[in-house]
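Enquirer: First, the structure itself, so that you have it in front of you.
The values are calculated or read from the model by the stated rules, or taken from the named source; none is laboratory data. All of these numbers come straight from a predicted model, not from anything done at the bench. Every residue, glycine among them, receives a Cβ derived from its backbone with ideal geometry; neighbour counts consider all protein chains shown.
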Amino acid sequence: MKPLAVTAFTTTNPAGIGNAATLAALRAGRTGLVPNTLDWAPIACWVGAVPEAEHIALPQALRDYDCANARLALLALEQDGFRDAVARSVQRVGAHRVGVFLGTTTSGIRSTEIAYAHRAADGSLPANFRYETCHDMDATTELVRRFLGVSGPSLTISTACSSSAKVFAAAERYLRAGFVDAAVVGGVDTLCQTTLYGFNSLQLVSEDVCRPYDAARKGLNIGEAGGFALLEDGEAALQLLGYGETCDAHHMSTPHPEGAGARLAMAAALEAASLEAAAIDYVNLHGTASPANDLAEGRAVHDLFGDRVPCSSTKGVTGHTLGAAGITEAAIALLALEAGFRPGSPTTRAVDAATRCRFEPAGADASLRKVMSNSFGFGGNNCALVFGRAA
Amino acid sequence: MTKVHVRSIGVLAPGLPGWEAARSVARGELPLERAAITPPVPRCLPAAERRRSSPTARLAIAVAEQAIDAAAIPAADMEMVFAASEAAGEITHQLCEVLAGTREISPTVFHNSVHNAPLGYLSIAMGAKLSGTSVCRGRWSFAAGLLCAALQAQAARRPVLYVCYDSPMPVPLQAACPMVDPTAVAMVLAPERIDAALASASLEIVEADVEREWPAWIPPSWHANPSARGLAALGAFAAAKGMARVPFAPGQALEIRC
């Protein structure tokens, strides 16, 4: 495919609000995860929260959209000059030529959970419960459209934990077909009972801080995050070079044991980018720290990249931010390219040799030209992205 | 503007058991005779998955099967785009009710709650390993999903299975989202004209507020279902040189011209 320019990006996650804070945490090997103290979900586990989002007030005209997801979306939009970058695009191409493509898994379902906890005697939900502007999967996308004042074709993708990686692929197709000239891509997911108790029911949540690819890993830590990138036609220092999307066709909540679908997604991303595996300098793994994911993914990565390519998972820093994991790790990949720093996995102590790939727990300065980011989700839904830095 | 070729259509709604019936109604040749829809049983799902999957997933897969059968293309050779406003209302309700009580969620209910669960079940049942995307755009989901699927067919140079579906919302969610009947439509889209194409369509976004425009035959009780916009658009495919405008965004419509 023809490379697309990434003209702006930003991430807000448990390790940092904005790119600089996130990069500082990655460089310092500092985790944003903490022991869970949520009184509405007292589960013995660690979580990644962005408490600053609570204080965000929505503009009066958009108050109907107010929910945890909306607040985190607006906090994230205010970082790294992202809003200004979109405004410049709008000025250049027109509001109707800018689309918004966001991923989420649970949207504002925390509001629905609260409504269900306050049902009337007849079972009805409180009068202030808003379905369309909070619960609907598209609510945050429509909010962001209105907040940014853009009216181009837009879409919400909800394919579990690959959601906000796949938005890059979808947006590329709208750009290629000429339906938009610029695309705001990204994703937002916030802590809720649904995912905390849900992953807990699958025995996938770790009581300890998560340790990706560790021989003693016990599961994932759920985090919340919001992030965005601006894709446009043309030249820029940072580029989206390729993407690959596949389905495992294997199991609803367990990956294929050899990571067959993941491998196909990575291979398709390389093919789209017209690159050999040897051209990739770093792979940011999905690396949830669940026993099954890391084993399957590590083997698939090794099968494709052998022992040469350094890999790590940054979920020990940010937590698994689910529908926002794709954009969070895309932003980390872009930060790595920009800063010349290969992130490590500070919570990993002893790498599980059975995962086979070249997992590097220690971060290091490195000249990176091309990096891959993996995101895999329930339903066996896989997406791999390749980003590059122009010479 | 983009072009897409429709190879086959599947339809499920009360009184509309398939494309043949829907075509006659959309052409105005026959009235819609609403009959309670028999809960569809997708053939492709093994017994265990039939039990585990939600009614919404079974509806989506059953309508998809109609389109796949009529297209005579194996699902494994298609990319997939599934569009729905709600993942599965009955699952959301079950989940939130348990979370307000014991909080002892069943793992099956949890994995059924993801928006892409119907897509996942179909992919597993049919061995479909190409790209699969589950999308939402609120009440504009049908038009947004159709354009997404058409662009995917064009980019991948492959057939794309497009499915848009809604199932009834349980009480108390129904008060906020009044979906009372199941409605679903599926299409196999191809990037190039094939001999057996049912219709070729151009898709274009136009400035028009058509949110209140519905064909007379669509019962008002379906107006809350985003997928009913797909049923409303069937007239475009049911006759030569058909045209339909479906809401795409506030003040915008997707114009479908065959």
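Enquirer: Within the stretch B:137-168, take every residue that is of a type in the set (S, T, N, Q) and at the interface with another protein chain (Cβ under 10 Å from one of its Cβ atoms) and give me the one that is surrounded by the fewest Cβ atoms within 10 Å (Cβ to Cβ). So that I can check it myself, show each step before the final result.
Expert: At the first step, the residues of the stretch B:137-168 found to be of a type in the set (S, T, N, Q) are B:141, B:152, B:154, B:167.
The next check asks that each one be at the interface with another protein chain (Cβ under 10 Å from one of its Cβ atoms); those that pass are B:141, B:152, B:154.
Numbers: B:S141: 28, B:Q152: 24, B:Q154: 20.
Residue satisfying both the conditions and the ranking: B:Q154.
Enquirer: Mind listing whichever residues of the stretch B:122-136 are within 7 Å of another protein chain (Cβ to nearest Cβ), part of a helix (DSSP H, G or I) and either of a type outside the set (G, A, S) or farther than 15 Å from A:T254 by Cα (or both)? Walk me through it before giving the result.
Expert: Within the stretch B:122-136, the first condition is being within 7 Å of another protein chain (Cβ to nearest Cβ), and the residues that meet it are B:123-124, B:127-136.
Right, trim to part of a helix (DSSP H, G or I) and you get B:123-124.
Answer for the stretch B:122-136, where residues must be within 7 Å of another protein chain (Cβ to nearest Cβ), part of a helix (DSSP H, G or I) and either of a type outside the set (G, A, S) or farther than 15 Å from A:T254 by Cα (or both): just B:I124.
Enquirer: Please indicate, with yes or no, whether at least one residue in the stretch B:204-211 is under 20 Å from B:L189 (Cβ atoms) and out of contact with any Gly (no Cβ under 8 Å at 6 or more places or on another chain). Even if it seems obvious, please write down each step before you answer.
Expert: Within the stretch B:204-211, the subset under 20 Å from B:L189 (Cβ atoms) is B:204-205.
Remaining after also requiring out of contact with any Gly (no Cβ under 8 Å at 6 or more places or on another chain): B:204-205.
Yes, some residue in the stretch B:204-211 is under 20 Å from B:L189 (Cβ atoms) and out of contact with any Gly (no Cβ under 8 Å at 6 or more places or on another chain).
Enquirer: Which residue out of A:A292, A:A325, A:A277 is under 30 Å from A:G198 (Cα atoms), among the small types (G, A, S) and surrounded by fewer than 24 Cβ atoms within 10 Å (Cβ to Cβ)? Step through it out loud before you land on a result.
Expert: Working: A:A325 fails: surrounded by fewer than 24 Cβ atoms within 10 Å (Cβ to Cβ); A:A277 fails: under 30 Å from A:G198 (Cα atoms).
It is A:A292.
Enquirer: So which residues in the stretch B:107-117 are more than 8 Å from chain A (Cβ to nearest Cβ) and in contact with a Phe, Trp or Tyr (Cβ under 6 Å, 6 or more places away or on another chain)?
Expert: The answer is none; no residue qualifies.
Enquirer: If you don't mind, there's one more thing I want to ask. Are any residues in the stretch B:27-56 hydrophobic (A, V, I, L, M, F, W, C), out of contact with any strand residue (DSSP E or B) (no Cβ under 9 Å at 6 or more places or on another chain) and at pLDDT 95 or above, and if so, which ones?
Expert: B:L30
Enquirer: Out of all the residues in the stretch A:281-288, is one or more of a type in the set (D, E, K, R) and surrounded by 24 or more Cβ atoms within 10 Å (Cβ to Cβ)?
Expert: Quick first cut of the stretch A:281-288, residues of a type in the set (D, E, K, R) only: A:281.
Narrowing further to those that are surrounded by 24 or more Cβ atoms within 10 Å (Cβ to Cβ): none.
No, the stretch A:281-288 has no match at all.
Enquirer: Let me ask something additional. Can you tell me which of (1) within 9 Å of chain A (Cβ to nearest Cβ); (2) free of Cβ contacts under 8 Å to residues at least 60 places away in the same chain is the one B:T92 doesn't meet?
Expert: Result: B:T92 passes all but (2).
Enquirer: While we're here: Does A:E142 qualify as being closer than 30 Å to A:G287 by Cβ, of a type in the set (D, E) and touching a residue at least 12 places away in the same chain (Cβ under 8 Å)? I'd like the intermediate steps shown before the answer.
Expert: Numbers: closer than 30 Å to A:G287 by Cβ: no; of a type in the set (D, E): yes; touching a residue at least 12 places away in the same chain (Cβ under 8 Å): yes.
No; evaluated as a whole, the condition is false for this residue.
Enquirer: Checking A:A21 against (1) part of a strand (DSSP E or B); (2) among the hydrophobic types (A, V, I, L, M, F, W, C); (3) within 16 Å of A:P343 (Cα to Cα), only one condition comes out false. Which one?
Expert: Among (1) part of a strand (DSSP E or B); (2) among the hydrophobic types (A, V, I, L, M, F, W, C); (3) within 16 Å of A:P343 (Cα to Cα), A:A21 violates only (1).
Enquirer: Please return the ranges of helices (runs of 4 or more DSSP H) entirely within the stretch B:139-245 where 1 or more residues are of a type in the set (K, R). So that I can check it myself, show each step before the final result.
Expert: Details: elements: B:141-156, B:228-232, B:234-238.
It comes to B:228-232.
Enquirer: Can I ask one more? Identify all residues within the stretch A:260-289 that are closer than 18 Å to A:S345 by Cα and within 17 Å of the chain's Cα centre (by Cα); write none if there are none.
Expert: Kept after step one, since they are closer than 18 Å to A:S345 by Cα, are these residues of the stretch A:260-289: A:281-289.
Across the stretch A:260-289, the qualifying residues are A:V283, A:N284, A:L285, A:H286, A:G287, A:T288, A:A289.
Enquirer: Would you check if B:G101 is surrounded by fewer than 24 Cβ atoms within 10 Å (Cβ to Cβ), small (G, A, S) and more than 7 Å from chain A (Cβ to nearest Cβ)?
Expert: Numbers: surrounded by fewer than 24 Cβ atoms within 10 Å (Cβ to Cβ): yes; small (G, A, S): yes; more than 7 Å from chain A (Cβ to nearest Cβ): yes.
Here the answer is yes, as B:G101 does meet what is asked.
Enquirer: Something else now. Out of the stretch A:144-164, which residues are away from chain B (no Cβ under 11 Å) and touching a Leu at 6+ places or on another chain (Cβ under 8 Å)? Full working, then the answer.
Expert: Within the stretch A:144-164, the subset away from chain B (no Cβ under 11 Å) is A:144, A:147-149, A:164.
Correct list: A:V144, A:F147, A:L148, A:S164.
Enquirer: Quick one: how many residues across the stretch A:274-301 are part of a loop (DSSP other than H, G, I, E, B) and touching a residue at least 12 places away in the same chain (Cβ under 8 Å)?
Expert: First pass over the stretch A:274-301, keeping only residues part of a loop (DSSP other than H, G, I, E, B): A:274-276, A:280-281, A:285-290.
Applying the additional criterion that residues be touching a residue at least 12 places away in the same chain (Cβ under 8 Å) yields A:274-275, A:280-281, A:285-290.
Looking only at that region, the number is 10.
Enquirer: Could you give me the residue pairs with C-beta distances under 8 Å whose first residue belongs to the stretch A:330-348 and is of a type in the set (D, E), whose second residue is outside any helix (DSSP H, G or I) wherever it lies, and which are 6+ apart or on separate chains?
Expert: Taking only residues 6 or more apart or on different chains, the pairs are A:E338/A:A237; A:E338/A:L238; A:E338/A:R389.
Enquirer: Give the residue, chosen from A:A41, A:A76, that is over 17 Å from A:L196 (Cβ atoms) and aliphatic (A, V, I, L, M). Quick ask: steps written out before the conclusion?
Expert: On the way: A:A41 fails: over 17 Å from A:L196 (Cβ atoms).
Just a single option satisfies the conditions, and that option is A:A76.
Enquirer: Same structure again: Would you kindly identify the strands (runs of 3 or more DSSP E) lying entirely within the stretch A:168-260 that contain at least 1 residues that are within 14 Å of chain B (Cβ to nearest Cβ) and small (G, A, S)?
Expert: Hits in the stretch A:168-260: A:182-189, A:238-247.
Enquirer: Mind listing just one residue for me: the one in the stretch A:105-132 that is among the small types (G, A, S) and more than 7 Å from chain B (Cβ to nearest Cβ) and, of those, surrounded by the fewest Cβ atoms within 10 Å (Cβ to Cβ)? Please lay out each step first, then the result.
Expert: Of all residues in the stretch A:105-132, those among the small types (G, A, S) come to A:107-108, A:111, A:115, A:117, A:120-121, A:123-124, A:127.
Okay, now just the ones that are also more than 7 Å from chain B (Cβ to nearest Cβ), so A:107-108, A:111, A:115, A:120-121, A:127.
Working: A:S107: 31, A:G108: 28, A:S111: 23, A:A115: 24, A:A120: 10, A:A121: 5, A:A127: 9.
Applying the filter and picking the extreme gives A:A121.
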